[in-house]
Each structure stands twice: as structure tokens, then as C-alpha cells.
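Okay, so here's the structure we're looking at.
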Amino acid sequence: MAFLQVSHIEKRFGRVEVLRDISFTLDQGQSLAVIGSSGSGKTTLLRCLNFLERPDGGRITVRDELLFDAADPAVQSEGQIRRKRLHFGLVFQSFHLFPQYTALENVMLAGSLLARERPDYKANKQAILARIREEAVGLLTQVGLQNRLDSYPHQLSGGQQQRVAIARALALEPDVLCFDEPTSALDPELTGEVLKVIRSLAERDTTMIIVTHEMDFARDVADQILFMDEGVIVEQGPPSQVIEHPREERTRRFLAHFSNK
């Protein structure tokens, strides 16, 4: 069985259908690139997977564990959803770092808050926080920021801030790491450093879903491409099919837009 199963996801805002019958699977260690024009539903899909938006229909399963079923209210309680959100790390377009915290503190924050729920927290607070700090330092080293641990967001470039955001998402060890156009807020000269980090994660067999307009990057890194338009999946398959030999006219028109730039 697939590592991630997304089945018949629906999402409406009022009378507007934003997602219609979205289904796909992803094996552990694979990368899925989601492409499509603005307004096609890509970001809403990620927000539904991360439970920032609650789907109106469908099911989501990770590691054979049912995380969400729109037909079963028993799996939709707020407490359950908050815990299940940890299965999906999400790196936003904007960096969303806390300006009052250093890079290291931003990466440590979620783990430190969750640690307080541990029954042994009071008795082992120093050791637990030391471990969280050690792991955060390791993650910032992994994204090439070992010399900027004590820097505040305003002291970092956009590319560096996004790399802190990636380290922060990795800190909770999500089953699936999601990226919502992670380079769209960056100047062109900073885009490469963020894509390099994501490439390295793919080489480590990190399971990822990447919403992107970087077609060359999607072709090189993704195991699967999913093209969306007007809230539906138009075409999905390996890059050699979807990007090199698209079957659908809507896919061909979309890709022609980038080849003509």
C-alpha cells in the first residue's frame, strides 16, 4: 500500500468548488511536484493536507493510518486534527518566522512547546531542551546555516530565512514535507540556494510534495508530476510523460507558457 493516499478530496468556499475529486498516491521517499496556474487549487490542496483547511469530502491516509475521513466525524475532532497536522510539515511562500526569535529559537520553538506535554518534562526539562537544541543545530547545519544560529530574521537574506523555515518544518520529523512555491518570494539570485536544499532532501529520500513554477527543477527532482487546473487533476505521471510528452491539451498550453518565456 502507498505511503500516502489522498482519495477524492473536495473543498468548497461557499458555492465555489476549489478542489474536486483530488486523488493521488505517493510512496515513501518519493517527491511529487504539483504544477498549474494561479487559482488552480494547488495551495488549497496543501492546506487541506496540513489541516489548515478542513476538506469537505474525501480521505487522507499516511502509513496505513486514517488521518481524515469526511464521512466520519469521529476522526475530525479539533484535538485529533492538531496532532495529525504533525504528519505534514509545511513551508510557506512567505517565511513566517517569528521576528523576536533567532534562527535557532525559531527552529526549536515547536518542539519546545510540544515537549511541555510530556509527563516527564518537569523532571527532565534541561535534558529535553538540550536535545531539542542539539537537533535544531543539526538541522540548521544541514541547510547551511551553522554560522547564523543567533541571527534574527531581519539579519538574514530571504534565501536564508526560507532555509530556516525548512529547518523548522523538518524539526518535527513530518512524514511528508510540503512546500508551497518556496521560491516565489525570493529574488532570482537567491532561488538557487533554496532549491539546492530541496534537492539535497530529495537525495535523502525525504517524502515531499512541492508546489512550484520551477519547471526545470520539477523535471529533475520529482518522481511524479501532478498538473492541476480549475480545481481538478488534469494529468499526472512521471516527468518524462507530463513535462516531456503531455497527453492533455490543457497541460500543453500551460507548459508552452513557460517555454515561451
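The values are calculated or read from the model by the stated rules, or taken from the named source; none is laboratory data. None of the values given here were measured: they were computed from a predicted structure. All Cβ positions, glycine included, derive from the backbone under ideal geometry; neighbour counts span all protein chains shown. Ligands, DNA and RNA are excluded from the accessible area calculation, which covers all protein heavy atoms including side chains. Shrake-Rupley method; radii C 1.70, N 1.55, O 1.52, S 1.80 Å.
For the pair residue 184 and residue 118, what calculated FRET efficiency results from E = 1/(1 + (r/R0)^6), where r is the Cβ-Cβ distance and R0 = 41 Å, to the nearest 0.05?
0.65
Restrict the search to region 1-34; then list the trypsin sites (Lys or Arg not before Pro) that DSSP places in a loop and that have at most 14 other Cβ atoms within 10 Å of their Cβ.
Passing sites in region 1-34 are 15.
Compute the length gained on full extension between residue 74 and residue 249: take 0.36 nm times their separation in residues and subtract their Cα-Cα distance, giving the result in nm to one decimal.
So the extension gain works out to 58.8 nm.
Using a 1.4 Å probe over the heavy atoms of the protein chains, calculate the carbon and sulfur portion of the accessible area of the chain as a whole percent.
46 percent
Helix 188-203 versus the longest principal axis of the chain: what is the Cα-based angle in degrees, 0 to 90, to the nearest 10?
Once rounded, one gets 90 degrees.
How high is the relative contact order of region 187-259? Use alpha-carbon pairs under 8 Å, at least six apart in sequence, and give a whole percent.
18 percent
In Å², and per residue, what accessible area does the chain have when probed at 1.4 Å with the other protein chains present?
Ligands and nucleic acids excluded, the figure is 50 Å² per residue.
Which of the trypsin sites (Lys or Arg not before Pro) found in region 62-122 are in a DSSP loop and have at most 10 neighbouring Cβ atoms, other than their own, within 10 Å?
When the trypsin sites (Lys or Arg not before Pro) of region 62-122 are filtered for loop state and at most 10 Cβ neighbours within 10 Å, 116, 122 remain.
Given a Förster radius of 25 Å and the C-beta distance between residue 256 and residue 230 as r, what FRET efficiency does 1/(1 + (r/R0)^6) yield to the nearest 0.05?
Efficiency at R0 = 25 Å is approximately 0.90.
For residue 11, list the lysines whose Cα falls under 29 Å from its own Cα; do not include residues on the same chain fewer than 8 positions away.
Reachable lysines: 42, 84.
By how many nm would the segment from residue 173 to residue 157 lengthen if fully extended, with 0.36 nm per residue of separation less the alpha-carbon distance?
3.2 nm
So how tilted is helix 125-142 from the main axis of the chain? Cα-based, degrees 0 to 90, rounded to 10.
Taking Cα atoms only, the helix is inclined about 50 degrees.
Could you check the spin-label model distance between residue 127 and residue 82? Points 7 Å from the Cα along Cα→Cβ, value in nm.
According to this spin-label approximation, the distance is 2.7 nm.
How tilted is helix 103-115 with respect to the longest principal axis of the chain? Cα atoms for both, answer in degrees (0 to 90, nearest 10).
Between helix and principal axis, roughly 80 degrees.
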